[in-house]
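Here is the structure we will look at.
Where a number appears in this text, it was derived from the coordinates with a stated rule and is not lab data. Source: prediction; values computed, not measured. When we count neighbours, we look across all protein chains shown, and the Cβ atoms used for this are built from the backbone with ideal geometry, even at glycine.
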Amino acid sequence: MSCELYDDVLDEYVDGARAADRADARLAAFESHLAGCARCQGLVADFANIRRTAAALDEHLPPPRVWAKIASSIEQEERQPWWARSLANTRAARLPLAAAALLALLLGGAAWLGWQQERGSPPQTTAAVQTPDAGTAMAEQHYEEAIAGLQQIVDARDADLDPGTRAVLRQNFAVIDRAINESREALSDEPASALAQESLLDALDTKVALLQDTVALASEIDGDRPDDAAGAAQVNQ
Amino acid sequence: MRTADLELAARCRAGDADAFAELYRQHARRLFSLVLRMTGSAEDAEDLLQEVFLQAHRKLAGFRGESTLGTWLYRLAMNHCLDHLRGRGAKMGRSTESLDVEDAFEPAAYAPIVPTAVSCVDLERAIAALPEGYRAAFLLHDVEGFEHREVAKILGVSEGTSKSQVHKARMKLRAMLSQ
């Protein structure tokens, strides 16, 4: 019998299988063959040598920063999307088509926000404690002004939306307003928390995006160009 | 073992941060070693290990205990490695090897040709030069100590393919180490 036909059994033999331990005719035949085959003896010796050395190779320890990054990412994922999840749970099948498209836009925006935040922020294992950020207060004011301007337009265009779409939008605004309120409460409890600051700005940013989309939707339904929305959107840039 | 795995997975799913840290402590070292040997780059290995554990965190809800947590994590890790290597290969303008590449070279020598005291450094270098399919099967079987049926599960191939890959890897290593 040709040596190559024993190749699979040869590897089993190297891994420790023996005919004496199990009723295996091929293994028994190989052991007989091995006794008189220099080629197979050479392979067995070399494979066993390689196997022994491979099993003794050192393990490598990942640097501590890997776990720090993982912990930080998990923390961000867990705190970020409760309202996005809430929105996602809305039954799209019950929505008018335009509102469903709007919902998709909103969720896409939320995901983008998360991605943008992840890219821009250094890894943190716990909520970073830092001095109160005056920039956050300025940004909040900036968002509030944009929201107020957009809200006026939305209120004026409210009649352009069909009742089903309006109901879904109200539901979505209620979810976002709740997120904003909770973020404000968290920031009030811990004014120096970077996590609470980011959370509030994210929620405000999402509300601006939803308002912009609402204006665009109303304009689309009405057959107008969304000039007002574009103008208001620039406030936010 | 399975019960312990299921309990740990359940604690992770329930949001127990200590449980996930425990999962990391139990498996990170071996997974990092595997990923490092697959990619040959410490930087890539760190990124991939991070991706593997983040994906594991998201997917733990789907862990049913049909395999051990270790095998499940190895499968995630190997999928990431192979995707990464194929992506890198595509970027370099060449296709990387499939799991079945050309037959291994066998030197026309009968007596043992690998030095008796083969050094770990030489073996590491030779493993790095293996085609990725051979390398994956060899690392899982000979370095990590998985049985062929487990290697097959991790790589998503048949047990016969796993045996064939390990045999060819050993043949190639033998040829490289004899030079």
Considering all projection directions equally, how large on average is the shadow of the alpha-carbon convex hull of the range B:1-71, in square nanometres? 4.6
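If R0 is 51 Å, what FRET efficiency do you get for A:Gln171 and A:His60 from their C-beta distance, rounded to 0.05? Before the final figure, lay out each step's value.
Values: r = 51 Å, r/R0 = 1.00.
Result of the calculation: an efficiency of 0.50.
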From the backbone phi of the range B:7-15, what are the Karplus-calculated ³J(HN,Hα) couplings (6.51 cos²θ - 1.76 cosθ + 1.60, θ = phi - 60°) in whole Hz, Gly and Pro given as x? 5, 5, 4, 5, 5, 5, 4, 6, x
Please list, by residue number, every one of the GluC sites (Glu not before Pro) in the range B:13-68 that is coil in DSSP and has at most 14 other beta-carbon atoms within 10 Å. B:Glu66
Count, for each residue of B:112-118, the Cβ atoms from other chains sitting within 10 Å of its Cβ, then give me the mean as a whole number. 5
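Which loop trypsin sites (Lys or Arg not before Pro) in the range A:1-67, with loop taken from DSSP, have no more than 10 other Cβ atoms within 10 angstrom of their Cβ? Spell out each step's value before the answer.
Values: sites: A:Arg18, A:Arg22, A:Arg26, A:Arg39, A:Arg51, A:Arg52, A:Arg65; in loops: A:Arg18, A:Arg22.
Answer by residue number: A:Arg22.
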Of the candidates B:Gly62, B:Gly40, B:Gly70, which one comes out as most mobile in a Gaussian network treatment of chain B with C-alpha springs shorter than 10 Å? B:Gly62
